[in-house]
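Each remark here refers to the structure printed beneath this line.
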Amino acid sequence: MTLALHGGTPVRSAPWPAWPPPLDAAQRALVTEVLESGLWGATQGGSAVTDLVAAFARRSGVPYGVAVGNATLGLFAALRGLGVGRGDEVIVPAYTFVASATAVLLAGATPVIADVNPVDLHLSPEAVEAALTSRTAAIMPVHLAGSPADMDPLNALAARHGLVVVEDAAQAHGATYKGRPVGGLGDAGVYSFQASKAMTAGEGGLIVCRDEATYEAIWSVCNLGRKRGGQWYGHPTIGWNLRLTEIQAALLLPWLDRLDAEIDHRESFCTAAEHALTAQPWKPHDGEPVGAGPAGGSEGTGAGSGVRDGESADVGSASDRGSVGVRPACGGGPSDVRLPYGRELPVSVVPQPPGTTRDSRHLLMLRLHMPVDREFLLAAMVAEGVPLDAGYPPLGTFAALAREGARAEPCPAAEAAAQEVVWVRQSMLMDDPRHAVHLAEALSKVLAAMPPRAQA
C-alpha cells in the first residue's frame, strides 16, 4: 500500500477537533459580564479570580489557592513560598517539559535531574533516593500526560528526609490518585492554563495548598511581597506581580462544569485506541518478524535538545533524534520480549502509574517496539492525516540547563523514552472514539513501509 507521503491515499482526510474548543454559552456570558464591568485586573474588586481559586482548591481537596500568570511562575512561587532558594537543590524528572527545571532556576535553586520509571515514565523514587544530597530541599513530581505520579512512595521519601513536595500538575486537571485529587497530595500543587492544556485561557496557572502559612507565603510572593490584610504600600517580604486577570478567570471558571465530561470523552477515545492497536494486523516491510533479535540497540543518539513550539505544544522536535531500536515495555518494563509476526502491531500504550484512579488524558503516550526512523515516521503520519508528536528530549541533554548549574543523574529510562515514545495530542482525543481506528490503521501502514535500514 502506497504511503500518502509518496502519493498514496491518506488514511484520514477529515480534520481533527480544534483546541481550544469554541466558547460555550456560560463562558461567553461571564466574559462579557467581566468586560462590561471594567473590572479586568485581579485587584479591582471583581469576583471571577476569587471564585475560580475557591472552586479549584475545593476540587483539589485543599482550602487554599492562588491564581498566577502561568504555571512556570506558579512552580517558582510555590518553591519560593516553601522556603526553597539559593543553595538548595530540587529533584525533577528527566522526562518532562523544560519549565519544571527553569522554574527551579528562577527560584535561585539548582535543578537535579533524576530518572523516571522505565514503564510509566514518571519520577522514580529509587532515582530520587540516589540523587539526594545534603542540599536537597524539594522534590517535584510531574503528573505526566494527565496520569498521576505514584505519590505515596515519593511523599514517604520526602518525609524521611525533611523535604517539601511540589506537584507539577500542569497536565493533570481532574486526575486522581487512590481516589484523591492531584495537586493536593504534596505541600503545593500547580496547574497550567496554557493554550494546549485541558483548561485554557491562552495562558495562566493556579497554585493550591493545604497549609495556611504556606498559602500566606505563596500569596505574598505573587503579590509584590505584601501581607494579606496589610498596607497596600507595605512590602515586608520580596515578591512580584504574578497575578491572573479577571478576563482569564472568566474563561476558566465555567470550564469546571464540563471538565469531567471532557475527561470521560478522552478516556473513551483512549480505550478505543488501545483496543484498535491490539486488534490491528500488521506485517513488516521485508516480510520478516520484527524484534526477532535482541531488542534495544540504538542507531541514533536521541540527543536533540530543541522543543518544537514548546510554549504551545510542549513537545520535542522529531529532527533532533535519529532512528532507534527499542525495548518492549509491556507487562513490567523494557525487556527482550518478541512480538509475533503478522499478529500484533508493535505499538503499545504507556501504562498508568500505580494508584491511578482517574487519568485526565492530556496525552496518549505510545511506545514503539521496533526500530524506527523517527523523522520518517512522524512525517509519514502527518501525511496520513494522523499526526503524532515526538515527545520530550531528556532534560539532561539541554546544554542551557547545564550552563546554569543543573545536575543530571544517569537517566537511561528517559533516554530510551525519548527514542521509543510518541504522543497523540489532546485535541485528537476529543474526536469520536469510533475514529480511534485511524490511529492504528495509519501506524500499521507507516510501520509496514518503514525503510529496511530503520528495521535493521
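The values are calculated or read from the model by the stated rules, or taken from the named source; none is laboratory data. Computed from a predicted model, the values in this text were never measured in an experiment. Glycine gets a Cβ as well: all are built from the backbone with ideal geometry, and neighbour counts include every protein chain shown.
Here A383 clears all of (1) surrounded by fewer than 21 Cβ atoms within 10 Å (Cβ to Cβ); (2) among the aliphatic types (A, V, I, L, M); (3) at pLDDT below 95 except the condition numbered (3). Of a type outside the set (K, R) and at positive phi, is that true of G189? When the stated conditions are applied, G189 does not pass them.
Of the residues examined, T102 is not one that is among the β-branched types (V, I, T), in a loop (DSSP other than H, G, I, E, B) and modelled with pLDDT of 95 or more. All conditions in (1) buried (at least 24 other Cβ atoms within 10 Å of the Cβ); (2) in contact with a helix residue (DSSP H, G or I) (Cβ under 6 Å, 6 or more places away or on another chain) hold for A217, with the sole exception of (1). Does the range 137-156 contain any residue that is part of a loop (DSSP other than H, G, I, E, B) and either in contact with a Cys (Cβ under 8 Å, 6 or more places away or on another chain) or at positive phi (or both)? No, that holds for no residue. Take the conditions assigned by TED's automatic domain parsing to the domain that holds A42, out of contact with any strand residue (DSSP E or B) (no Cβ under 8 Å at 6 or more places or on another chain) and not small (G, A, S) and apply them to I238. Does it pass? Yes.
Of these, G85, G81, G65, which one is at pLDDT 95 or above, outside the structural domain of L395 (by TED's automatic domain parsing) and more than 14 Å from A188 (Cβ to Cβ)?
G85
Here is a check on your reading of the model: is A402 small (G, A, S) and either modelled with pLDDT of 95 or more or under 25 Å from G146 (Cα atoms) (or both)? When the stated conditions are applied, A402 passes them.
Listed here are the residues, each with its yes/no results for (1) buried (at least 24 other Cβ atoms within 10 Å of the Cβ); (2) within 26 Å of D257 (Cα to Cα); (3) hydrophobic (A, V, I, L, M, F, W, C).
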position	(1), (2), (3)
G83	no, no, no
T96	yes, no, no
L106	no, no, yes
V119	no, no, yes
V128	yes, no, yes
R135	no, no, no
H143	yes, yes, no
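Counting the residues of the range 157-170 that are free of Cβ contacts under 8 Å to residues at least 60 places away in the same chain, part of a loop (DSSP other than H, G, I, E, B) and under 24 Å from A201 (Cβ atoms) gives 1. Filtered by the rule that a residue be surrounded by fewer than 24 Cβ atoms within 10 Å (Cβ to Cβ) and not hydrophobic (A, V, I, L, M, F, W, C), the range 398-425 gives R403, E404, G405, R407, E409, P410, P412, E415, R425.
Pairing each residue of the range 250-261 that is in a helix (DSSP H, G or I) with any residue that is of a type in the set (F, W, Y), provided the two are 6+ apart or on different chains, yields C-beta distances under 8 Å for L252/F193; L256/F56. Among the residues of the range 156-173, those identified as touching a Leu at 6+ places or on another chain (Cβ under 7 Å) and surrounded by fewer than 24 Cβ atoms within 10 Å (Cβ to Cβ) are H161, V164, V165. For E203, indicate whether it is of a type outside the set (G, A, S) and closer than 19 Å to V49 by Cβ. Considered against the rule, which asks whether it is of a type outside the set (G, A, S) and closer than 19 Å to V49 by Cβ, E203 comes out as yes. The set of residues from the range 212-244 being farther than 15 Å from G74 by Cβ and touching a residue at least 40 places away in the same chain (Cβ under 8 Å) comprises just one member, E212. Please verify whether V62 is farther than 25 Å from P393 by Cβ, in contact (Cβ under 8 Å) with a residue 12 or more places away in the chain, in contact with a strand residue (DSSP E or B) (Cβ under 7 Å, 6 or more places away or on another chain) and buried (at least 23 other Cβ atoms within 10 Å of the Cβ), treating the condition exactly as stated. No, not satisfied.
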